[in-house]
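Worksheet: one structure, shown below.
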Amino acid sequence: MITYAQSFNQKNLESIVISGHALFAPHGEDIVCAAVSTAIIMTINAIEKLNEKDNIKVDLKEGYVKITVCKLTEVVKGLLENLIYSLDDIKRQFPKYLKEE
C-alpha cells in the first residue's frame, strides 16, 4: 500500500511524504503506482519549470519521496495542494492501495 502524509507548521504546509508500493498489479503493470508516480513527477517538474525549485527540497528514493517546503510561495502552495487533490482522487478510486495518514 502507498501512504501519504502532510505536515504543517502553524497551518503552513511544511512537507509531504509519500511511500510504499500499491501492489495493485505486477511491476510494470501497476496503474495505481503509475498514477501516483505521475502526479508526483508532474508536480516536481512544474515547480522546477516555473523557476520555483529553490523553494522545495526533494528526497527521492525507490518507493519514497519527501517534498520539503523551503519557502511557501503561491506557486509552490498551489502545486502541492493540487498534488494532494490528485492523491485524494486516486485514493477514492483505489482505497485498498492508497491511504492518507
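General remarks:
- Relative pair counts by distance (%), Cα atoms of the chain, 10 Å bins: 15, 51, 28, 6, 0
- Available extension along the chain between Ile41 and Arg92 is 16.3 nm, counting 0.36 nm per residue and deducting the alpha carbon span.
- Contour minus Cα-Cα distance for Lys99 and Glu62 (0.36 nm per residue): 11.5 nm
- Listed by chain and number, the aspartates and glutamates placed with their C-alpha closer than 13 angstrom to that of Lys99 are Asp88, Asp89; residues fewer than eight positions away on the same chain are left out.
- Only helical runs count toward this figure. For the chain, summing -39,500 (n - 2.57) over DSSP H runs of n ≥ 4 and dividing by all residues gives -13000 deg cm²/dmol at 222 nm.
- When each of Lys11/Lys61; Lys53/Lys96; Lys11/Lys71; Lys11/Lys49; Lys53/Lys77 is checked by Cα-Cα distance, pairs over 22 Å: Lys11/Lys61; Lys53/Lys96; Lys11/Lys49
- Net charge in the neighbourhood of Val75 (other residues with Cβ under 15 Å of its Cβ; Lys, Arg +1, Asp, Glu -1) is -1.
- Net length gained if the chain between Glu14 and Thr73 were fully extended (0.36 nm per residue, minus Cα distance): 20.0 nm
- Put a plus charge on the Cβ of each Lys and Arg, a minus charge on the Cβ of each Asp and Glu, and nothing anywhere else: the dipole of the stretch 2-100 about its Cα centre is then about 180 debye.
- FRET E, pair Glu81, Asp54, Förster distance 25 Å, beta-carbon r, rounded to 0.05: 0.80
Values in this text are rule-based calculations from the coordinates and carry no lab data. These numbers were taken from a predicted model, which means no experiment stands behind them. Reconstructed Cβ throughout: ideal geometry from the backbone, glycine too, with neighbour counts over all protein chains shown.
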